[in-house]
Amino acid sequence: MKYVPRMVFFLVVPALLFAVPWWVLIYCATSGPLFWVGTALAVLGYVALPAAMIRGHGPAQSDAASLTADTLLGVMWVAFTWSVIGAFARAVLIVAGVDDPLRSRVVALGVLVVSAALVVWGIYEARRLPRVRTVEVEIPGLGAGLDGLRMVVVTDTHFAATDRLRWSERVVETVNALEPDIACHAGDLADGSVAKRRAQVDPLGKVRAPLGRYYITGNHEYFGDALGWIETMSELGWRPLHNEHEVVSRGGDQLVLAGIDDPTGVGLEGHGPNLTAALEGADRQLPVVLLAHQPKQVTAAVEAGVALQISGHTHGGQIWPFHYLVRVDQPVVAGLSRHGEHTQLYTSRGTGFWGPQLRVFAPSEITVLILRAAA
């Protein structure tokens, strides 16, 4: 039974992704040789997607296969989404009395045009320099010396098969221009081994933040070489917060900055989130800011009286309307939210992207959190 979820993903999901666009774009709207060519391409795509996904993201870790699989997955998700919308539009045209073949051809053309436009735009959005988003957060108990503290957050950079060295350098330039007091990376640094991705990560060593640079693991570190990435970030001058905390001081006032592992880390000895250990020895009268990769970790933060949790993981859904599925697993998709009586959560849409090089209606961000003393 443990193999059933994998079979569903690798067989059923690709079948849906290709079957619905095939029905809207090929079966209903074409005939003759065009029908057979379109059908053959759909079958080829259905076979190629899981095969490339396994070779690219499985033990082989083939960059060429992962690029093929991820690109195909993203394009077909967009095509699937708009084919579903097209199917509803087709029903409306039936009620309106529009006959075939005009009805099916109008719908197919609309789906093709919208899907192609969104794929092109989505690639641009994914690869562009992220927008800067500035948010002020009131922190009860924050001392006057820390009022206006600037925390610049990057997360979910997902350095992978696509060489984004120049993009990485530009992100660092942007972060430094924002003059952070504290810099944070909230996990999912890279996909793949340190040997393969180190060059893209190295620019992070040039980030300047006088009160410290802090890093936590995301789930994707634990899919690869978590220990290697923790060591690498330490070498680059970032302080990994592995269920630990630091006390940040300025102007005679202090706050606790803590970080916990991603839940995926429980499979690695000595890893996995432990907020009790992270706060051990901390002065509980001081406000606590917590780095935790997944928003759903806010449940423990509320119980511990954390003032602010900073998370990533969701990518804001990355490709609309995937955020509806993200919302099933996470309490928040993006933005600042309140949980319990005393805890706030900021969820970043992420700085990079995972898998498909597309972002549709979910722009990436570099976040400036300005901490304010509560009135």
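Quick notes on this structure:
- Where the Cα pairs of the chain fall when distances are cut into 20 Å bins, in %: 27, 51, 20, 2
- Antiparallel %, DSSP beta bridges [both residues in the chain], to 5: 35
- Length gained on full extension, Val120 to Ala195, computed as 0.36 nm times the residue gap minus the Cα-Cα distance: 23.9 nm.
- Largest-first principal axis extents of the Cα set of the stretch 310-375 (Å): 43, 25, 15
- With all pairs of different C-alpha atoms in the average, the Kirkwood value for the hydrodynamic radius of the stretch 1-153 is 18.8 Å.
- Here each label is just a point 7 Å from Cα along the line to Cβ, and for Asn176 and Glu138 those points are 3.7 nm apart.
- Value of D in µm² per second that Stokes-Einstein yields for the stretch 147-225, Kirkwood Rh from Cα pairs, at 4 °C (1.567 mPa s): 100
- Here the Gaussian network model covers the chain, with springs between Cα atoms less than 10 Å apart; of Ala226, Ala161, Ala304, Ala304 fluctuates the most.
- Per-residue SASA entry for Cys28, accessible area with 1.4 Å probe, Å² rounded to 10: 30
- Cα→Cβ-extended label distance, 7 Å offset, between Val266 and Glu280, nm: 1.9
- In Å², nearest 10: area of Leu93 left accessible to a 1.4 Å probe: 40
- For the stretch 106-246, convex hull volume per residue from C-alpha positions, Å³: 158
- Between Leu129 and Ile370, the simple spin-label model (points 7 angstrom out along Cα→Cβ) gives 2.1 nm.
- Measuring only protein heavy atoms, the 1.4 Å probe finds Arg239 accessible over about 70 Å².
- Antiparallel bridge percentage (DSSP; both residues within the stretch 240-375; nearest 5): 50
- Each Lys and Arg Cβ is given +1 and each Asp and Glu Cβ -1; about its Cα centre, the stretch 64-213 then shows a dipole of about 420 debye.
- Total charge dipole magnitude, the chain, about the Cα centre, Cβ charges on Lys, Arg, Asp, Glu only, Debye to nearest 20: 1140
- These residues, Ile182, Ile85, go from largest to smallest accessible area, 1.4 Å probe, as Ile85, Ile182.
- Taking only alpha carbon atoms, the stretch 4-88 gives an Rg to Rh ratio of 1.02, where Rh is the Kirkwood radius.
- The accessible-area ordering, largest first, of the residues Glu169, Glu269, Glu341 stands as Glu269, Glu341, Glu169, per a 1.4 angstrom probe.
- Cα-centre dipole for the stretch 244-375 with unit charges at Cβ (Lys and Arg positive, Asp and Glu negative), debye to 20: 600
- Helix axis angle, 165-177 relative to the chain longest principal axis, alpha carbon, degrees: 40
- When the convex hull of its Cα atoms is projected in every direction, mean area for the stretch 212-306 (nm²): 6.3
- Local electrostatic count, Leu165, Cβ distance below 11 Å [Lys/Arg +1, Asp/Glu -1]: +2
The values are calculated or read from the model by the stated rules, or taken from the named source; none is laboratory data. Here the structure is a predicted model, which means the values were calculated and not measured. Cβ coordinates were reconstructed from backbone atoms using ideal geometry, including for glycine residues, and neighbour counts include every protein chain displayed. Surface accessibility is based on the protein's heavy atoms, side chains included, excluding ligands, DNA and RNA. Shrake-Rupley method; radii C 1.70, N 1.55, O 1.52, S 1.80 Å.
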